[in-house]
Amino acid sequence: MATPTPHSAPAGGLRERKKQRTHDALIRAALELFTKQGYEATTVDEIAEAVDVSQRTFFRYFANKEDVTFAVQEMVEARFLDELSARPATEAPLAALRSAVTVAWDDVGSAIASVIPVELYMRTYRMIESTPALVAVHLRRSIELEAQLARLIARRERLDVDADPRPRVLVAAFSGVMRAAGQVWSEGEDHTVSSIRELTMSYLDHIGPAIEDDWRTRTR
């Protein structure tokens, strides 16, 4: 096999890079339009026109506007699932979830920035939270992610997820904390990755005390 030269990229290399650039450009254009003029007010034609491609090209990459809206979030979630799968088997379930989300947040800035500006991702998060149609989609996707997490935790612990409620109970608590932290963050003034990471870690630290402590007698 010949060694590729600077003028002869590996077969499919240039084509794949061009496809990736188009994919990422469509995401960026869509999110810029959604956050500036509203999700409902933006058409697929406008997104395609912003990237100078056809509507047909848009649909080669994304099934609809919903698909492109959550494309980067899906990438972040996949990173989290991969990290959770790689956690040591000796780690307790909640510790594994916390460690996985910590590592994911450490990497998320560079991962997002490889596709869109982090600031645009943060604006998109707030746009989703303020758009009823997208809140419903976000909830559905969260339920699907929770089911994946519960199965993964059950598999780690060698449990039957349908017979033992603990994986689902733990994931429900974990996901609720994540949603609460995200909501508080979206309503605040600091919308950086570091701020949501810090807030998320703080909220996760309170799961045990919130469940186990007697709040009325606890020393503050």
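The values are calculated or read from the model by the stated rules, or taken from the named source; none is laboratory data. The model shown is predicted, which means the values in this text are computed figures rather than measured ones. When we count neighbours, we look across all protein chains shown, and the Cβ atoms used for this are built from the backbone with ideal geometry, even at glycine. Accessible surface areas use protein heavy atoms only, side chains included; no ligands, DNA or RNA. Shrake-Rupley method; radii C 1.70, N 1.55, O 1.52, S 1.80 Å.
In table form, for the structure just shown:
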{"item": "Total residues in segment 40-82, condition in a loop (DSSP other than H, G, I, E, B) and either among the hydroxyl-bearing types (Ser, Thr, Tyr) or farther than 16 Å from residue 142 by Cβ (or both)", "result": "10"}
{"item": "Residue 123 vs. criteria open to solvent by less than 60 Å² (accessible area, probe 1.4 Å), modelled with pLDDT under 90 and in contact with a helix residue (DSSP H, G or I) (Cβ under 7 Å, 6 or more places away or on another chain)", "result": "yes"}
{"item": "Filtered residue count, segment 83-97, keeping only those that are of a type outside the set (Val, Ile, Thr), farther than 19 Å from residue 172 by Cβ and not in a helix (DSSP H, G or I)", "result": "4"}
{"item": "Filter result for residue 156 (closer than 20 Å to residue 175 by Cα, touching a Ser or Thr at 6+ places or on another chain (Cβ under 6 Å) and not aromatic (Phe, Trp, Tyr))", "result": "no"}
{"item": "First in segment 66-87 and under 12 Å from residue 152 (Cα atoms), second anywhere and of a type in the set (A, V, I, L, M) and not in a helix (DSSP H, G or I), Cβ under 6 Å, 6 or more apart", "result": "none"}
{"item": "All positions within segment 24-60 that are touching a residue at least 40 places away in the same chain (Cβ under 8 Å) and either under 19 Å from the mean Cα position of the chain (by Cα) or under 18 Å from residue 111 (Cα atoms) (or both)", "result": "24, 26, 27, 28, 31, 32, 34, 35, 39"}
